[in-house]
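Presented below is the structure to which this report refers.
The values are calculated or read from the model by the stated rules, or taken from the named source; none is laboratory data. Note that this is a predicted model, so its numbers are computed, not measured. Counting neighbours? That spans all protein chains shown, and the Cβs are built from the backbone with ideal geometry, glycine included. To get the accessible areas, we keep the full protein, side chains included, count just its heavy atoms, and leave off ligands, DNA and RNA. Shrake-Rupley method; radii C 1.70, N 1.55, O 1.52, S 1.80 Å.
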Amino acid sequence: MIAPLPAPPRILALDVIRGIAVMGIFSVNVIAFAMIEPAYFNPGAFGGHHGADLAMWLTNYVLIDGKMRSLFSMLFGASMLLVIDRAEASGRSPARVHYARMVTLLGFGLLHFYLVWHGDILALYAMVGMIAFLFRNASVEKLLAIGTTLMLVTAAFFSLGALQLSKSDTAAHKPGATAEQIANWNDQAAMLVPTPAASAEETRIARAPFAARAEHMLTERTADPFTTAAAFGFPTLGLMLFGMAGYRSGFLTGEWPRRRYRQIALATLGIGGLVTLGLGLWVIASNFHAVTIFLAFLGLGGPIELAMAFGYAALIILALRPGGALTGRIGAVGRMAFSNYLGTSLVAAGIFYGDGLGLFGRLSRAEAWLFVPLLWLLMLAWSKPWLDRFAYGPFEWAWRSLARWSVEPMRKRPSLERLVPRAVPVDTL
């Protein structure tokens, strides 16, 4: 009998960065589970915009929102390239391996969207990942150039959208505005400032039993995963290409000098944090006006979020301690990011939706956020013990088995996995 090949070495930096990203994402996703969709961007729409609720909105906007999603998207690109490289090295077809994974992921994403939660990101990743494969052999310089172009084009596109929204606002509020101009503004602003009837209907659906929610998603929002891919495909592809460049260059695997990581963290988090704080205070000063929210989150936010994502990656790599208890726990969360992402959705759906505790629309923003540290502790508590016994997280195992059309062994083979502690670079002059 031929002995099984050793498992490929893990790259600790990728695991830990991914773990922190998936934990951070839930910090903002919890709002999308707990209350109406416009409240995610606009606390004036629901959830409270004073005191602790306002502080929670501003803290999440400055430190988390978009930054962790950008980091997660970059890690998806890096991990995708890692899988492609390993398929090529083992003599398998990179295209067959990659597209089998993406088609399977698309299936998971659509099920997640229609049956669990409207905020799914997996279907978007799968569709964009199919395109990102075309850039697998591009140089680091080319990946960065294309990624930068995509991000700038997206920022310009959404900024023009904000300009159009502003024109509609002006036209609707000038003396003698026509009924058509007023209706046009109300329709455009509804995504951020919902009518009472729209808020009541969304609340009714969220509190309904599972079958009614699923029927609504399947019949009324059938095309949403695909329209989301059309709207956000460019920036998501750009982020994946940045992640591929970060992997190819050694940045995301912890191979750069510590001095360079310090410089990147200080510059991007310092400047980016101040700019984002300024944008957040501008939104507050505007009394959460739809145009300023649109610009702050979509028009101007993308490039800043990308820069801060690089800063967070650099900061995490500087803080890594191979062999440390916390590093090991967070790394396990990252190795099971797929299971933890879907798992938090299932738990949050049980907390907020109708056939669970039914807390949707009953908590303020700050109150809803109190579930975040509990879910963080749950991720940290279960991921490492699970991986001490099993080779994959439960959803990772299902993804791998379905993509390969074979039931993969679940239990870990002793002493076959090696860890590459390429996460604490050596200082160089």
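Tabulated data for the structure shown
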item: Those residues of the stretch 354-364 which are open to solvent by 10 Å² or more (accessible area, probe 1.4 Å) and not small (Gly, Ala, Ser), in sequence order; result: ASP355, LEU357, LEU359, ARG362, LEU363
item: Every pair of residues 6+ apart whose Cβ atoms lie under 7 Å, when the first sits in the stretch 132-155 and is farther than 26 Å from TYR99 by Cβ while the second is open to solvent by less than 60 Å² (accessible area, probe 1.4 Å); result: ALA155/GLY299; ALA155/GLY302; ALA155/PRO303
item: Criterion (more than 18 Å from ALA231 (Cα to Cα) and of a type in the set (Ser, Thr, Tyr)) met by exactly one of SER166, SER159; result: SER166
item: Among the residues listed as GLY19, GLY47, GLY51, the single one being within 16 Å of the chain's Cα centre (by Cα) and of a type in the set (Gly, Ala, Ser); result: GLY19
item: Scan of the stretch 85-97 for residues that are at pLDDT below 95 and assigned to a helix (DSSP H, G or I), ordered by number; result: ASP85, ARG86, ALA87, GLU88, ALA89
item: Count of the stretch 391-413 residues which are closer than 19 Å to GLY334 by Cα, at pLDDT below 95 and open to solvent by less than 40 Å² (accessible area, probe 1.4 Å); result: 1
item: Among (1) closer than 27 Å to MET74 by Cβ; (2) in a loop (DSSP other than H, G, I, E, B) - the single one LEU380 does not satisfy; result: (2)
item: Long-range neighbours under 8 Å by Cβ, at least six apart or interchain, first residue among the basic types (Lys, Arg) within the stretch 306-317, second assigned to a helix (DSSP H, G or I); result: none
item: Options LEU58, LEU71; residue that is over 16 Å from the mean Cα position of the chain (by Cα), modelled with pLDDT of 95 or more and within 29 Å of PRO373 (Cα to Cα); result: LEU58
item: Residue match in the stretch 109-123 (condition: more than 19 Å from THR222 (Cβ to Cβ), open to solvent by less than 30 Å² (accessible area, probe 1.4 Å), part of a helix (DSSP H, G or I) and small (Gly, Ala, Ser)); result: no
item: Test: residue in the stretch 72-83 that is without any contact (Cβ under 8 Å) to a residue 40 or more places away in the chain, of a type in the set (A, V, I, L, M, F, W, C) and surrounded by fewer than 20 Cβ atoms within 10 Å (Cβ to Cβ); result: yes
item: Residue check, GLY331 under 22 Å from the mean Cα position of the chain (by Cα), modelled with pLDDT of 95 or more and either crowded, with 20+ Cβ neighbours inside 10 Å or among the polar types (S, T, N, Q) (or both); result: yes
item: Members of the stretch 165-208 that are in contact (Cβ under 8 Å) with a residue 24 or more places away in the chain, part of a helix (DSSP H, G or I) and open to solvent by 80 Å² or more (accessible area, probe 1.4 Å); result: none
item: Candidate set from the stretch 238-291 (those that are polar (S, T, N, Q) and under 24 Å from ARG321 (Cβ atoms)); member that is surrounded by the fewest Cβ atoms within 10 Å (Cβ to Cβ); result: GLN263
item: GLY147, sole failed condition from (1) in a helix (DSSP H, G or I); (2) over 20 Å from the mean Cα position of the chain (by Cα); result: (2)
item: Condition check for THR154: of a type in the set (Val, Ile, Thr) and open to solvent by 30 Å² or more (accessible area, probe 1.4 Å); result: no
